[in-house]
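Following: one structure in structure tokens, then a few remarks.
The numbers here are math on the coordinates, done by the rules we state, and not lab data. Computed from a predicted structure; not experimentally measured. Reconstructed Cβ throughout: ideal geometry from the backbone, glycine too, with neighbour counts over all protein chains shown.
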Amino acid sequence: MRLLSTFREALAKTRDGLAGHWNALLGRQLVDEVFWTELEETLIAADFGVGYAEKVAAQLKVAAQQQNLRTGDAVLRVFRNDVADFLRHPGRAPETSAAKPHVVLVVGVNGSGKTTTIGKLAAVARARRQQALLIAADTYRAAAADQLEIWAKRAGAELVRSKEGADPAAVVFDGLAAAKSRGHDVVYIDTAGRLQTKHNLMEELKKIRRVIAREVDGAPHETLLVLDASTGQNAVSQARLFHEAANLTGIAVTKLDGTARGGIIVAIVDQLGVPVQYVGFGEQLDQLKPFDPAAYVDALFERTL
């Protein structure tokens, strides 16, 4: 119940923005071509994505014929269940690893909430009685390491950093050596969020991944992308680029409470096939939650379906 309440608060803007459209669709006593067009337009407006909107409308048409669904209410109830099923990605939970430390590579553009998310993840680790170490491998952005140090202190985690402009891969090497020698359970690696050129981004991440793989067996065990929900479809473009560069295993969506387009979660999963693992909102340590498809759908359509 507490998780559902969290999603209700985070998705309030999206839910309020959709309410009028959903109620109009629900009230239709005839499922015709106008209904399907309005359904697609509503999904696109909420950033479910054009591809997903077209695909799900086509699937629902088939379901309506097979199940004899004649009203908007009947169709949208099926839609709600289909969204929840779609988001129950089989790879949602990361694989457990016997390696110590468990290494999580965190990527994302500057301003997405990446450093904040790392701090929150470290707090979660501490609550599980795990020792976390943070590595400040974003050596290009001014004060990036300072910001991560603040979050490390809040979360009760250790930090490895270097001077501004240092080789990120070298900082990662030093950080992993420290984690192994000190017996840390989990390592979170903060990386630069530069997107000037696709080539530079990919090459830097590849170099970091090579160092990680050489120093810790099977690592990185997770590669987590942090995305700002308020950027809408730009988040999908970012996700695609980072997936090519870093082979993502999961996504954390931040600032979900600040957008009226919370359907972006569905668009991301549809376009990449990568599971959303966490949703974040606010600046407090406890404002990062595991993503729950059922709670997400219940909160999104709470007042209508």
>> Taking the Cα centroid of the range 239-305 and of the range 18-45, what is the distance between the two, rounded to the nearest whole Å?
In response: 24
> So for the range 2-87, Kirkwood radius off the Cα pairs, Stokes-Einstein at 20 °C and 1.002 mPa s: how many µm² s⁻¹?
Replying inline: 159
> Restricting to the range 102-292, what percent of DSSP beta bridges are antiparallel, rounded to 5?
Replying inline: 10
> Mind listing the phi-derived Karplus ³J(HN,Hα) values for the range 212-222, rounded to whole Hz, using 6.51, -1.76 and 1.60 with θ = phi - 60°, and x for any glycine or proline?
Replying inline: 4, 4, 6, 8, 9, 4, x, 8, x, 6, 9
> In Å, what is the Rg of the alpha-carbon atoms in the chain, and how long is Dmax?
Replying inline: 20.9, 68
> Based on DSSP H runs of at least 4 residues, each adding -39500 (n - 2.57), what is the mean residue ellipticity at 222 nm of the chain after dividing by all its residues, to the nearest 500 deg cm²/dmol?
Replying inline: -17000 deg cm²/dmol
> Using alpha carbons only, how many degrees (0 to 90, rounded to 10) separate the axis of helix 72-87 from the longest principal axis of the chain?
Replying inline: 20
> Which of rounded, prolate, oblate describes the range 161-305, given a ≥ b ≥ c as roots of the alpha-carbon gyration tensor eigenvalues and a/c under 1.5 marking rounded, otherwise prolate only if a/b is larger than b/c?
Replying inline: prolate
> Dipole magnitude of the chain about its Cα centre, charges +1 at Lys/Arg Cβ and -1 at Asp/Glu Cβ only, in debye to the nearest 20?
Replying inline: 700
> Which longest run of the chain has no exposed loop site in it, a site being GluC sites (Glu not before Pro) in a DSSP loop with at most 12 other beta carbons within 10 Å, and the site itself not part of the run?
Replying inline: 96-282
>> What value in Å³ per residue do you get for the convex hull of the alpha-carbon atoms in the range 21-174?
In response: 172
>> Can you give me the angle between helix 33-45 and the longest principal axis of the chain, using Cα atoms only, in degrees from 0 to 90, rounded to the nearest 10?
In response: 20
